[in-house]
Amino acid sequence: MTLVDYYKILDLSENASIEEIKIAYRKKARLYHPDINHAPDAKDLFISATEAYEFLISNHDKISTDEKAYHQAMDDWRKYRQDRSHRRAHAYARASFRTFKGSNFYKSTKIFDVSTIIITFASSIMILVFSVLGYIYRLHNPIPGLEKPSVISFILILLLGLSFLAGSFIFFKAYQASVRKHRMKH
């Protein structure tokens, strides 16, 4: 992020004083703290506000003095964040895989999210509906020269749709359990 982004996150002008930064952070922290705000993006907004506050407070003097000091502060901040990520990666590497697998970092790499579950539910319902409608249509409007539609193929397509539906339901239940578990921790 840039300096302008940090000021924008806290809704401050670029010449804000330390007191204004503190007041703005307190407002944003209260607004976005996940215990108070249950919106899906509240945690990320809280983290961004905290990061902006930490940077602006720790570098306030450097930012206001000159351009060179500002660039040095930004470089130092990037190194700090990179070092923190490196230390976290080392800690994950030292931990057992089971412990790592239980970490929020690992859990954030899950492939199945709500949109994937909704798409699989919709796909399975479409397969079921179109297979039933298609079979009924073919019974009432047979193609000349072809025999009636196969019941076996109809049952196989229905089973495919039902298996998609069952898989979607299983993933939905797993997703609900992980959300409940995540909420219990916080």
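The values are calculated or read from the model by the stated rules, or taken from the named source; none is laboratory data. All figures in this text were calculated on a predicted structure; none of them were measured in a lab. Counting neighbours? That spans all protein chains shown, and the Cβs are built from the backbone with ideal geometry, glycine included.
Taking the criterion of being at pLDDT 85 or above and surrounded by 12 or more Cβ atoms within 10 Å (Cβ to Cβ), the residues of region 142-155 that qualify are Phe154, Ile155.
Listed here are the residues, each with its yes/no results for (1) surrounded by 12 or more Cβ atoms within 10 Å (Cβ to Cβ); (2) modelled with pLDDT under 90; (3) under 19 Å from Pro40 (Cα atoms).
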position	(1), (2), (3)
Tyr106	yes, yes, yes
Thr109	no, yes, yes
Leu139	no, yes, no
Arg183	no, yes, yes
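For region 72-92, the criterion of a residue being within 29 Å of Lys181 (Cβ to Cβ), outside the structural domain of Ser115 (by TED's automatic domain parsing), of a type in the set (A, V, I, L, M, F, W, C) and touching a residue at least 12 places away in the same chain (Cβ under 8 Å) is satisfied by no position. Residue pairs whose Cβ atoms lie under 7 Å apart, sitting 6 or more positions apart in sequence or on different chains, and linking a residue in region 165-185 that is assigned by TED's automatic domain parsing to the domain that holds Val129 and in a helix (DSSP H, G or I) to a partner that is of a type in the set (Phe, Trp, Tyr) and surrounded by 11 or more Cβ atoms within 10 Å (Cβ to Cβ), are Ser168/Phe121; Phe171/Phe112; Tyr175/Phe112.
Within region 7-38, the set of residues being surrounded by 12 or more Cβ atoms within 10 Å (Cβ to Cβ) and either within 18 Å of the chain's Cα centre (by Cα) or outside the structural domain of His60 (by TED's automatic domain parsing) (or both) comprises Tyr32, His33, Pro34, Asn37. Looking only at residues in region 156-177 that are loosely packed, with under 13 Cβ neighbours inside 10 Å, more than 17 Å from Val129 (Cβ to Cβ) and not charged (D, E, K, R), the one that is farthest from the chain's Cα centre (by Cα) is Ile170. Checking the structure you have, find out if any residue of region 24-41 is more than 28 Å from Arg183 (Cβ to Cβ) and either modelled with pLDDT of 85 or more or basic (Lys, Arg) (or both). Yes, because at least one residue in region 24-41 is more than 28 Å from Arg183 (Cβ to Cβ) and either modelled with pLDDT of 85 or more or basic (Lys, Arg) (or both).
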